[in-house]
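Below is one structure, written out as structure tokens; the observations come after it.
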Amino acid sequence: MWARVMLVSFFASAFAISALTAGEIPQSKSDDAEKARQLAEEKHERAFVALIASCQRMLDLQSQIHSGTQKLHEIIEGHPDKTPHPEDERAALKLSASVKECVKEVDKALDIMAKESALAFPELFEELRKDMNRVQRCLEMSDVGAETLALERDIIDTINEMLKALKKG
């Protein structure tokens, strides 16, 4: 977790630098050059806003998933045999499907970053995708235990840190 926070900080700094240089055009007195610079800045800003929105959707989805996993964990722990019943397995599969939606949101964010090379920290999104895929596999097996919950919490914390860094940038 600490490594992720450090990576977020590093990439936020890199983002700020790249944002300053994005769309730079050699100085020219031409109106066309100024218009091109403005268009590049506007394109970069739209991508930046879309990335923040994508991160916010990821955070919202992941928070709902985590809440559902916690509730399901409590239900399963309340069973005398502490094993998932068929209805618990169905609930876990629904949560797993929600994780797939969250992974799609990560893919959208990566697509935004691929199109706008000045945007930073795709490595963190790749790591998030891996962690989300791990959570998805756990939920597919109705594993809603402490490790799954901790991984979900790490994902939420990472997304929160990324959002903070993006909003500062």
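Taking the simple approach of a point 7 Å from Cα along Cα-to-Cβ for both K35 and M141, what is their distance in nm?
Simple spin-label model gives 6.0 nm for this pair.
Which FRET efficiency value, to the nearest 0.05, do you get for Q70 and A114 by plugging their Cβ-Cβ distance into 1/(1 + (r/R0)^6) with R0 = 35 Å? Walk me through the intermediate numbers first.
Details: r = 34 Å, r/R0 = 0.98.
The value I calculate is 0.55.
Which entries in the list K43/K104; K71/K115; K71/K104; K115/K167; K94/K115 go over 29 Å, if you measure between the two C-alpha atoms of each?
Values: K43/K104 23 Å; K71/K115 39 Å; K71/K104 24 Å; K115/K167 20 Å; K94/K115 32 Å.
Where the Cα-Cα span goes over 29 Å, the pairs concerned are K71/K115; K94/K115.
What size of dipole, in debye to the nearest 20, comes out for the stretch 33-168 about its Cα centre when the only charges are +1 on Lys and Arg C-beta atoms and -1 on Asp and Glu C-beta atoms? Can you show the working numbers first?
Details: 21 positive and 27 negative charges, 114 e Å.
Dipole about the Cα centre, nearest 20: 540 debye.
Can you tell me how much longer the chain between S63 and E42 gets when fully stretched, taken as 0.36 nm per residue apart minus their C-alpha distance, in nm with one decimal?
Numbers: separation 21, 0.36 × 21 = 7.56 nm, distance 3.14 nm.
Full extension from S63 to E42 adds 4.4 nm.
Between R153 and R90, what is the label-to-label distance in nm when each label sits 7 Å out along the Cα-to-Cβ direction?
With each label placed 7 Å out from Cα toward Cβ, I get 3.1 nm.
For K130, which aspartates and glutamates qualify as cross-link partners when the Cα separation must be under 20 Å and same-chain residues fewer than eight apart are set aside?
Within reach: D60, E101, E105, D107, D111, E140, D143, E147, E152, D154, D157, E161.
So what is the relative contact order for the stretch 33-168, in percent, with contacts set as C-alpha pairs under 8 Å and at least six apart?
Numbers: 118 pairs, mean separation 48.1, N = 136.
Answer for the stretch 33-168 is 35 percent.
Any read-out appearing in this document is the output of simple, stated calculations on the displayed coordinates, not a laboratory observation. Since the model is a prediction, treat every value here as computed from it, not as a measurement. Cβ atoms come from the backbone with ideal geometry, glycine included; neighbour counts cover every protein chain shown.
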